[in-house]
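Structure, as structure tokens:
The values are calculated or read from the model by the stated rules, or taken from the named source; none is laboratory data. Nothing here was measured: the structure is a model prediction, and the numbers come from that model. Neighbour counts run over all protein chains shown; Cβ positions are idealised from the backbone, glycine included.
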Amino acid sequence: MQVQVHAGDNVQGGDSLSQWAQTEVQNKLSRFREYVTRVEVYLTDVDALKNGGKGKRCVMETRATGRQPLAVNAEAEKVAEAFNAALEKLHRALDTDVAKMRDKSNRETIRTATDEDAEA
């Protein structure tokens, strides 16, 4: 799984922030390694603290094999808080998406039932 971290000009941390984010994403989403090919993380300063809103935003987007991309976002006062909230949302979204895909694949239909199954 490839993890790309993009930080805005007003987000401090540089390479250490990027390394931390990559490690956290790979650890949290390790069970989806076969499913997810790439995760992109965007960290930005929304500069809304002046208006009483949140100050940092984290957007995460995944690219999964044979599926549409999934994207989530979260806002908080600190970068780490926004990142962790978005990562938790992404984990839940991937869990749901994988469950839907497996359910669709494993569901028995009348077309795949054999004649013996129909008689029982």
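Assess whether VAL11 counts as being buried (at least 17 other Cβ atoms within 10 Å of the Cβ), among the β-branched types (Val, Ile, Thr) and closer than 26 Å to ASP97 by Cβ. In short, no. The residues listed here are GLU40, GLU88, GLU81; of these, the one that is at pLDDT 90 or above, in contact with a Ser or Thr (Cβ under 9 Å, 6 or more places away or on another chain) and surrounded by fewer than 18 Cβ atoms within 10 Å (Cβ to Cβ) is GLU40.
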